[in-house]
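The values are calculated or read from the model by the stated rules, or taken from the named source; none is laboratory data. Predicted model, so just to flag it, every value in this text is computed and none were measured. Note: ideal-geometry Cβ built from the backbone for every residue, glycine included; neighbour counts use all protein chains shown. Accessible surface is based on the protein model in full, side chains and every heavy atom, while ligands, DNA and RNA are left aside. Shrake-Rupley method; radii C 1.70, N 1.55, O 1.52, S 1.80 Å.
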Amino acid sequence: MSPKEFENIVPALRPLMVKVGRDFFGNRTDAEDVAQEGLIRLWRYCERLSAERNMEALAIKVAKNVCVEIYRRRSSMTVTLESSIESDETYASADAVIEAGETQQKIDEAMERLSPRERELLRKRHLEGHTAEEIAQETGIPKPSVKSMISMAKKKLINELQKILQT
């Protein structure tokens with residue numbers, strides 16, 4: 001399939017991939033990430049694909065794989081937290097692992113109380129390690145605004161965590 005042929009079918013594939021992402025994660029931000037990553041993967045291999053292939057089915061399959069990879073990436077952060085606790089002899093007990101899991105649940109709950117934009121910016125900055133400049137380029141938001149929005153999102157996250165911990 002030529003790159004031009006691929007470009008012509010992207011408008012039909014993208015909504016399918018967004019739907020898979022929304023069904024899997026339940027939110028638009030993650031669904032957009034799934035579609036973007038999936039389309040990039042298809043683009044890389046478009047010249048090896050046959051024009052007769054069912055591209056809709058392939059797009060759905062790729063989107064599902066992307067969802068699983070994103071989910072595993074996020075889950076590995078919890079595993080990393082648990083592993084670091086287990087490696088420290090002071091916290092090697094099963095209680096510490098359970099407590100770490102509970103803490104992660106509280107953080108996840110607080111994150112869900114943020115707006116999708118706030119979650120996206122915090123995810124890009126702190127989980128993916130992007131700089132404010134990179135985030136500004138990716139999102140089209142001016143760099144000073146990115147810094148301000150991340151700062152405010154952090155404050156809001158801390159407040160939400162405090163509310164959760166008080167209950």
Original post:
When the residues of segment 100-124 are filtered to those that are touching a residue at least 40 places away in the same chain (Cβ under 8 Å) and not in a helix (DSSP H, G or I), which remaining residue is nearest to L165 (Cα to Cα)?
Top reply: R113
**OP:** Kindly provide the set of residues from segment 11-28 that are surrounded by fewer than 15 Cβ atoms within 10 Å (Cβ to Cβ) and not in a loop (DSSP other than H, G, I, E, B), ordered by number.
**Re:** P11, A12, P15, D23, R28
Original post:
Which one is farthest from Q36 (Cα to Cα), of the residues in segment 125-144 that are at pLDDT below 85 and in a helix (DSSP H, G or I)?
Top reply: H126
Subject >> Scan of segment 29-56 for residues that are under 30 Å from D108 (Cβ atoms) and surrounded by 17 or more Cβ atoms within 10 Å (Cβ to Cβ), ordered by number >> reply: D30, A31, E32, D33, V34, A35, E37, G38, L39
Original post:
Which condition does E89 not pass, out of (1) under 18 Å from the mean Cα position of the chain (by Cα); (2) charged (D, E, K, R); (3) modelled with pLDDT under 90, if it passes all the others?
Top reply: (1)
Original post:
List, please: which pairs have Cβ atoms under 9 Å, are six or more places apart or on different chains, and start with a residue in segment 21-32 that is free of Cβ contacts under 8 Å to residues at least 12 places away in the same chain and end with one that is open to solvent by 100 Å² or more (accessible area, probe 1.4 Å)?
Top reply: R22/R28
**OP:** Looking at (1) free of Cβ contacts under 8 Å to residues at least 24 places away in the same chain; (2) surrounded by fewer than 15 Cβ atoms within 10 Å (Cβ to Cβ); (3) within 12 Å of the chain's Cα centre (by Cα), find the lone condition where Y71 falls short.
**Re:** (1)
